[in-house]
Structure formats: structure tokens, C-alpha cells
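Asks: Submitted below is the structure of interest, expressed as C-alpha cells.
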Amino acid sequence: MRVVILPTEVEASNFAGQFITDYINNNKNPIVGLATGGSVLLTYEALINHYKNGMLSFKNTITFNLDEYIGLPPNHIQSYRNYMNQKLFDHIDIDPNNVYIPECFDENFDSASSNYEANIAKHGGIGLQLLGVGSNGHIGFNEPTSSLQSRTRVKTLTKNTLSKNARFFKPHENQPSLALTMGIGTIMEAKNILLIGLGKHKSKAVADVVEGPLSAFCPGSALQNHLNATIVLDKLAASDLKLYDYYLQTEKMKTKYNC
Ligand code: GLP
């Protein structure tokens, strides 16, 4: 695992934006896995800026989102499809036919899940997966005790996740308690993974992901088994890491010796 600690949210997000830009620019047919939530918003702003400055085009990029709520009508304001349109897709040159977001409007969960997996496989697998992390260590909507080998399927959301995400819903709005999410096994097949953690409220989850035991109780800890996982953090999110100074030193050496 590469752990990159930067002073501020903006610097960590700019690092993530540059990382994704480099991946897209260095690949003929980039396949990017995308995430939703608050942690990736500044990263998306950085990508939009790169596109506007002519440093990046999404013309050949195919995207697969991690997850989507179940029970919201198509294009509901709180759907992750709508989030992605508003926060990224409406501002860049991506072909809408190249955008995949899990969806299930007819309760045929199994076929929606297997079709999603089949689409990822058909395109040759995800090249770079962007992730946030829940304060309980979830990635995608893989809640604690999800199998570390799980595939795309329906998950029931925990009280913790529902209360953390309630801020996005108006008081009268129905907040779904189910989601269709890529599994941990699906995420682990991405060739590269970039997880971004921002803020003090993520510091315990980040420490569990990076330094805790490999455990289904902290789904993000599965990334310890990935060969190309980069964790980018602001100082606050990194503040519970035992080897904080070591990670800073490692990055200095990486710059000095280009290794
Ligand atoms: C959400 C999403 C995840 C996201 C995580 C953290 O529920 N399903 O993809 O990474 O929880 O969210 P946030 O970045 O808003 O803290």
C-alpha cells in the first residue's frame, strides 16, 4: 500500500485528480471506477478543471460506478446517477453510452447484479477504481461483515451509514435502506485502486483500513491484499496512523530516488 499524506483536503484531492488524469492520459481505453459521497467532490472539481484546461479528455473513457440506491425512481434527485451527472458528467466530454451505474427498478436484483459484473468483464475489467471510505470502514456499500470475496449484489445499509448519509436527504424525503453495490471481490479485481480519505471523522476508519487487521469487520482492510493500492489522505484523516512519519518519509524517498 502506498500512503500519501498531504496537508489539506484540496491538496489531497488535487493529488487524486492528477492520479486519475495520468491514468486516463496513459491508457488508450481507460476504464475508471467511480465513487460518490462527499470525499470525492474536490477530486471531481480537479478533473473538471483539467478537462477545461485541455489537459484531459474523457472521449475514450468508460466509467463504472460503485453503487446505487434501490427504491428511488430513475433520475431521482438523490440517486447516484443524478449525483454523477451534476458533479462530473455534465461538465466533461464523456459519451453517455460509456457510463455505467448499477440500477434496479424492477426488483430483479440478481440479473441486475450479474449484468453489471458481465459489463465490467466485457470491457476487460476496471483499470483504476476510485474509492472513499465510510466511517465504519465500508467501501462502496459493502458494510462491515461483507464477504471479502463478495460480488455485485444488494446490501442492507447499516444505521451508521443511513445516519451519515441522511444529510443529503430532505426531512420529508424517503431515504433508501438498500443499495446495489459492487462487491469487495469485484473492487479487488481493479488493476489499480485509489482511496481518498478526508477529515478527522475518517481517521479511525483510515487507521483500520491501513494498519488494522485484515477483517470483514472493516471492509476497506481488504485493500491490504491489493498489489496497487494508493491511499491519499489529508493530515486530519491520517492523524490516527501509527506509522504517520514513516509514510511521509517514504514519499520523500520516492521523490528523491524516483522509486
Ligand atoms: C457512501 C458511498 C461510498 C462513499 C462512502 C463515504 O455511503 N456508498 O462510496 O465512499 O459512503 O462517503 P463520504 O465520502 O460522503 O463520507
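The values are calculated or read from the model by the stated rules, or taken from the named source; none is laboratory data. Owing to the predicted nature of the structure, the values given are computational and were not obtained by experimental measurement. When we count neighbours, we look across all protein chains shown, and the Cβ atoms used for this are built from the backbone with ideal geometry, even at glycine.
Asks: Sort out which residues of the range 226-259 are on the phi < 0 side of the Ramachandran plot and exposed (fewer than 12 other Cβ atoms within 10 Å of the Cβ), and write them in order of number.
Replies: Selection gives LEU227, LYS242, ASP245, TYR246, GLN249, LYS252, MET253, THR255, LYS256, TYR257, CYS259.
Asks: Would you point out the residue of the range 211-222, among those that are away from the ligand (no atom under 13 Å from the Cβ) and either assigned to a loop (DSSP other than H, G, I, E, B) or under 16 Å from the mean Cα position of the chain (by Cα) (or both), that is farthest from GLN149 (Cα to Cα)? Give the steps one after another, and end with the answer.
Replies: Just the residues of the range 211-222 that are away from the ligand (no atom under 13 Å from the Cβ), to begin with: 211-218, 221-222.
Checking the rest, the ones that are also either assigned to a loop (DSSP other than H, G, I, E, B) or under 16 Å from the mean Cα position of the chain (by Cα) (or both) come to 212-214, 216-218, 221-222.
On the way: GLY212: 19, PRO213: 17, LEU214: 13, ALA216: 10, PHE217: 13, CYS218: 13, SER221: 13, ALA222: 9 Å.
Among them, the one singled out is GLY212.
Table: residues versus (1) under 16 Å from the mean Cα position of the chain (by Cα); (2) in contact (Cβ under 8 Å) with a residue 24 or more places away in the chain.
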{"site": "HIS91", "(1), (2)": "no, yes"}
{"site": "ASN97", "(1), (2)": "no, no"}
{"site": "GLU103", "(1), (2)": "no, yes"}
{"site": "ASN115", "(1), (2)": "no, no"}
{"site": "ALA118", "(1), (2)": "no, no"}
{"site": "GLN129", "(1), (2)": "yes, yes"}
{"site": "VAL133", "(1), (2)": "yes, yes"}
{"site": "GLY137", "(1), (2)": "yes, yes"}
{"site": "ARG153", "(1), (2)": "no, yes"}
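Asks: Something else about it: Take ASN165 and tell me if it is more than 12 Å from the ligand (Cβ to nearest atom) and polar (S, T, N, Q).
Replies: No.
Asks: Condition (residue is touching a strand residue (DSSP E or B) at 6+ places or on another chain (Cβ under 7 Å) and closer than 26 Å to SER215 by Cα) applied to the range 85-96: is it met by at least one residue?
Replies: No.
Asks: Another question, then. Does ILE126 fit the bill of being in a loop (DSSP other than H, G, I, E, B), under 21 Å from TYR83 (Cβ atoms), of a type in the set (Val, Ile, Thr) and more than 9 Å from the ligand (Cβ to nearest atom)?
Replies: Considered against the rule, which asks whether it is in a loop (DSSP other than H, G, I, E, B), under 21 Å from TYR83 (Cβ atoms), of a type in the set (Val, Ile, Thr) and more than 9 Å from the ligand (Cβ to nearest atom), ILE126 comes out as yes.
Asks: Pairs needed: first member in the range 60-84, at positive phi; second member anywhere, assigned to a loop (DSSP other than H, G, I, E, B) and of a type in the set (Ser, Thr, Tyr); C-beta distance under 9 Å; at least 6 residues apart or different chains.
Replies: Within 9 Å, the pairs are GLY71/SER177.
Asks: Right, here's the next one. Restricting the search to the range 193-204, which residues are near the ligand (Cβ under 9 Å from one of its atoms) and in a helix (DSSP H, G or I)? Give the steps one after another, and end with the answer.
Replies: Going through the range 193-204, the residues near the ligand (Cβ under 9 Å from one of its atoms) turn out to be 195-199, 201-202.
Those that are near the ligand (Cβ under 9 Å from one of its atoms) and in a helix (DSSP H, G or I): HIS201, LYS202.
Asks: With respect to THR61, is the statement that it is buried (at least 16 other Cβ atoms within 10 Å of the Cβ), within 16 Å of the ligand (Cβ to nearest atom) and β-branched (Val, Ile, Thr) true?
Replies: no
Asks: Still on this structure, please answer the following. If GLU107 meets every condition in (1) more than 16 Å from the ligand (Cβ to nearest atom); (2) among the acidic types (Asp, Glu); (3) in a helix (DSSP H, G or I) apart from one, which number is that one?
Replies: All conditions are met except number (3).
Asks: If TYR83 satisfies all but one of (1) of a type in the set (Phe, Trp, Tyr); (2) part of a loop (DSSP other than H, G, I, E, B); (3) within 16 Å of the ligand (Cβ to nearest atom), what's the number of the condition it fails?
Replies: Exception for TYR83: condition (2).
Asks: Do we have ALA237 as among the aliphatic types (A, V, I, L, M) and either more than 12 Å from the ligand (Cβ to nearest atom) or modelled with pLDDT under 95 (or both) here?
Replies: Spelling it out, it is not the case that ALA237 is among the aliphatic types (A, V, I, L, M) and either more than 12 Å from the ligand (Cβ to nearest atom) or modelled with pLDDT under 95 (or both).
Asks: Taking the condition of being within 16 Å of the ligand (Cβ to nearest atom) and hydroxyl-bearing (Ser, Thr, Tyr), how many residues in the range 16-52 meet it?
Replies: 4
Asks: Taking the range 57-71 as the region of interest, how many residues are in a loop (DSSP other than H, G, I, E, B), touching a helix residue (DSSP H, G or I) at 6+ places or on another chain (Cβ under 9 Å) and either at pLDDT below 95 or closer than 19 Å to ASN115 by Cα (or both)?
Replies: 1
Asks: Show the residue pairs that are 6+ apart or on different chains and have beta-carbon atoms under 7 Å apart, the first residue being within the range 1-17 and under 14 Å from GLY199 (Cα atoms), the second being in a helix (DSSP H, G or I) and among the β-branched types (Val, Ile, Thr).
Replies: Partner pairs satisfying both residue conditions: SER13/THR43.
Asks: Within the range 143-192, how many residues turn out to be touching an Asp or Glu at 6+ places or on another chain (Cβ under 7 Å) and in a loop (DSSP other than H, G, I, E, B)?
Replies: Selection size over the range 143-192: 5.
Asks: For the range 75-124, give me each residue that is surrounded by 15 or more Cβ atoms within 10 Å (Cβ to Cβ), farther than 20 Å from PHE169 by Cα and small (Gly, Ala, Ser).
Replies: ALA112, SER113
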